[in-house]
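Trainee: Could you have a look at this structure, given as structure tokens, before my questions?
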Amino acid sequence: VSEQIIRASPDELGLYVEPLAKGLMFTRLPAWAKDEGEVKNAGDGTVCSGSSSLSSLPLAAPSYEQKRMDALLALVLELPEAAGGCLIEAFYSPSANIEHRTKSLQLLSSGAKELALDSKGRVILQWSAKLLGQCDKPRHGVDMFGRDTYLLGCLLCTMGNFLEACTGTLDALYLGTATIKLVLSNTVRRSPEIFVRRSALAAAARAISSVPAASVCASVADDMLPEAGGGRASRGRVTTGTPTAR
């Protein structure tokens, strides 16, 4: 029932964000929980005799693992700064395994998509800064620029998801710049792992497509002509004419 309790947003929720996040992330489910869920879902999928329509089939009950993820996502949406910070700490924690780390990134991506529709969308930049600020530092359990290339690819995919959530905003401009710098690093662009290179290409494409068009025009104008009068003349030409020309 943790998701319902979190979504009720009790006054004390902020005091318990860290233990809730850690408990939901790191608690190991007993073996019987998985078996019980499989049996229940198999039973829920049975077609009643006399039924002539697939619409009469009841929906399968969510698994305990799905309930865990739903509760964590609810926590991220209720308290994005604190809960997001806890997920990033879990991602870099020496106690985490590959499953915990990938779950953390999945939850941040899902949270970004929903928060982008709200005034809380600016928190995505904070998450990005915390993730990227530590990504090139090897530590016990995680070394993305060394042995953990799969996680590096997942991080690039997450940055692409963040950019998609910020499309058309100035946040995308700052986030896109940081993403491109990561993509252009030797470790990423010369990686022998195809997953890393494909993730980098997708993230770079998302960075370009998410930035506001006006920012792209201004940047191109400033770079293509000399300073002084040239830059001003360029900006004048770029912003005049038909909408198609602009």
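Trainee: Expressed in nm to one decimal, what extension gain is obtained for the pair residue 167 and residue 136 from 0.36 nm per residue of sequence separation less their Cα-Cα distance?
Mentor: Here the answer is 8.5 nm.
Trainee: Hey, another quick one. At residue 218 and residue 117, where each label point lies 7 Å from the Cα along Cα→Cβ, what is the point-to-point distance in nanometres?
Mentor: With each label point 7 Å from Cα toward Cβ, the separation is 3.0 nm.
Trainee: Which order do the peptides 123-135, 184-196, 80-92, 13-25 take when ranked by the mean count of other beta-carbon atoms within 10 Å per residue, highest first? Please report the intermediate quantities before stating the final value.
Mentor: Values: 123-135: 18.7, 184-196: 13.8, 80-92: 21.2, 13-25: 16.8.
Ranked from most to least packed, the peptides come out as 80-92, 123-135, 13-25, 184-196.
Trainee: Relative contact order of the range 114-227, please, whole-number percent, based on alpha carbon pairs below 8 angstrom and at least 6 residues apart.
Mentor: Values: 112 pairs, mean separation 30.8, N = 114.
Reported as a whole number, the value is 27 percent.
Trainee: What FRET efficiency do you get for residue 9 and residue 187 if R0 is 41 Å and r is their Cβ-Cβ distance, rounded to the nearest 0.05?
Mentor: Values: r = 42 Å, r/R0 = 1.01.
Computed FRET efficiency for residue 9 and residue 187 comes out at 0.50.
Trainee: How high is the FRET efficiency from residue 33 to residue 145, r the C-beta distance, R0 30 Å, rounded to 0.05?
Mentor: Values: r = 37 Å, r/R0 = 1.22.
Computed FRET efficiency for residue 33 and residue 145: 0.25.
Trainee: In whole Hz, what ³J(HN,Hα) sequence does the range 157-168 give by Karplus (6.51, -1.76, 1.60; θ = phi - 60°), x for Gly and Pro?
Mentor: With the stated coefficients, the range 157-168 comes to 4, 5, 4, x, 5, 4, 5, 4, 5, 9, 3, x Hz.
Trainee: Among 198-208, 93-103, 158-168, how do they line up by average Cβ neighbours within 10 Å per residue, starting with the highest? Working shown, then result.
Mentor: On the way: 198-208: 19.2, 93-103: 15.1, 158-168: 21.9.
Highest mean packing first, the order is 158-168, 198-208, 93-103.
Trainee: Compute the distance in nm between two label points, each set 7 Å from the Cα along the Cα-to-Cβ direction, one at residue 81 and one at residue 102.
Mentor: My value for the distance between the label points is 3.3 nm.
No lab work stands behind these numbers, since they all come straight from the coordinates. This structure is a prediction, so every number in the text was calculated from the model and none was measured. For neighbour counting, all protein chains shown are included, and Cβ atoms are generated from backbone atoms with ideal geometry for every residue, glycine included.
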